[in-house]
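S.K.: One structure, pasted below without further comment.
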Amino acid sequence: MKQEAGDGDLDALVRKRIRGLRAALGMSLDDLAAACFISPSTLSRIETGHRRISLDQLTAIARALGTTLDQLVESADADVVIRPRHEPARGITTWTLRHEAGPGGTTVAKMRIDRPLPGPDQLKAHPGFEWFTVLSGTIALRLAERLIIVETGEAAEFSTMVPHAFGSHEGPAEILGIFDHDGRRTHLRKLP
């Protein structure tokens, strides 16, 4: 029996994602069916909407496709525009490009820095590592007593257990940074 139209667009989207991921991975119906321990005919009926998808089947399919259940069922209506968050008092504008929640997660952010390097009394230290590349301008990076100038096209990676701070050098600068959980809390403050 075919799915009712009232079951929603999400159901159809999940089925399209299953079929699309399977095809993108070069998997036949038989390949995917074998990987998730269901019959090829059942998988075919799932993809075409002629059979309901049980949670255990959906979980097995997601695993076999190398994705997560969350990614298979996420809404297609999510806002895809990344809006900047301007913090005039800190002299920073941030575009959060990717955010993985939790203590092991990382955040990728583009930052426009309009403030000079904070003074030595404002250095912060926390567990982890940070990485950034300068997209435009110049960044002054202070690592304890060292002052490092990072130019456009250059990158820096450092242990954040070393007291550190960074700011623009001789005009605004833009960076692309990767921050771990503690770095995110220190440099990006609240995420939008």
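S.K.: Only residues in the range 44-55 that are in contact (Cβ under 8 Å) with a residue 24 or more places away in the chain and among the acidic types (D, E) count as the first member; pair them with residues that are outside any loop (DSSP other than H, G, I, E, B) and buried (at least 16 other Cβ atoms within 10 Å of the Cβ), Cβ under 9 angstrom, at least 6 apart or cross-chain, and list the lot.
M.R.: Here the result reads E47/R15; E47/I18; E47/R19; E47/R22; E47/L29, each pair linking the range 44-55 to a residue that is outside any loop (DSSP other than H, G, I, E, B) and buried (at least 16 other Cβ atoms within 10 Å of the Cβ).
S.K.: Within the range 43-89, how many residues turn out to be closer than 13 Å to R22 by Cα and among the acidic types (D, E)?
M.R.: The qualifying residues number 1.
S.K.: A further question follows. Among the residues of the range 52-84, count how many are surrounded by 16 or more Cβ atoms within 10 Å (Cβ to Cβ), outside any loop (DSSP other than H, G, I, E, B) and at pLDDT 90 or above.
M.R.: The initial filter retains those residues of the range 52-84 that are surrounded by 16 or more Cβ atoms within 10 Å (Cβ to Cβ), namely 53, 57-58, 60-62, 64-65, 72.
Subsequent filtering for residues that are outside any loop (DSSP other than H, G, I, E, B) retains 57-58, 60-62, 64, 72.
Still in the running and at pLDDT 90 or above: 57-58, 60-62, 64.
Total meeting the criteria: 6.
S.K.: Report whether or not A109 is in contact with a helix residue (DSSP H, G or I) (Cβ under 7 Å, 6 or more places away or on another chain), modelled with pLDDT of 85 or more, surrounded by 16 or more Cβ atoms within 10 Å (Cβ to Cβ) and within 21 Å of T133 (Cβ to Cβ).
M.R.: On the way: in contact with a helix residue (DSSP H, G or I) (Cβ under 7 Å, 6 or more places away or on another chain): yes; modelled with pLDDT of 85 or more: yes; surrounded by 16 or more Cβ atoms within 10 Å (Cβ to Cβ): yes; within 21 Å of T133 (Cβ to Cβ): yes.
Yes: the conditions hold for A109.
S.K.: Check whether at least one residue in the range 13-22 is under 27 Å from E100 (Cβ atoms), at pLDDT below 90 and open to solvent by 60 Å² or more (accessible area, probe 1.4 Å), and report yes or no.
M.R.: No.
S.K.: Another question about this same structure. Going residue by residue through the range 121-130, is there one that turns out to be under 18 Å from the mean Cα position of the chain (by Cα) and open to solvent by 60 Å² or more (accessible area, probe 1.4 Å)?
M.R.: The answer is yes, given that some residue of the range 121-130 is under 18 Å from the mean Cα position of the chain (by Cα) and open to solvent by 60 Å² or more (accessible area, probe 1.4 Å).
One line per residue, one yes/no per condition, for (1) modelled with pLDDT of 90 or more; (2) in a strand (DSSP E or B); (3) out of contact with any strand residue (DSSP E or B) (no Cβ under 9 Å at 6 or more places or on another chain); (4) hydrophobic (A, V, I, L, M, F, W, C):
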position	(1), (2), (3), (4)
E130	no, yes, no, no
V134	yes, yes, no, yes
A140	yes, yes, no, yes
I148	yes, yes, no, yes
G153	yes, no, no, no
V162	yes, no, no, yes
F166	yes, yes, no, yes
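S.K.: Continuing with this model, one more query. Is it the case, given these coordinates, that E157 is open to solvent by 30 Å² or more (accessible area, probe 1.4 Å), modelled with pLDDT of 95 or more and not polar (S, T, N, Q)?
M.R.: Working: open to solvent by 30 Å² or more (accessible area, probe 1.4 Å): yes; modelled with pLDDT of 95 or more: no; not polar (S, T, N, Q): yes.
Taking the combined requirement at face value, the residue does not satisfy it.
The values are calculated or read from the model by the stated rules, or taken from the named source; none is laboratory data. The structure displayed is predicted, hence computed values, not measured ones. Ideal geometry is used to build each Cβ from the backbone, glycine not excepted, and the neighbour counts take in all protein chains shown. In case anyone asks, the SASA skips ligands and DNA or RNA and just uses the protein heavy atoms, side chains included. Shrake-Rupley method; radii C 1.70, N 1.55, O 1.52, S 1.80 Å.
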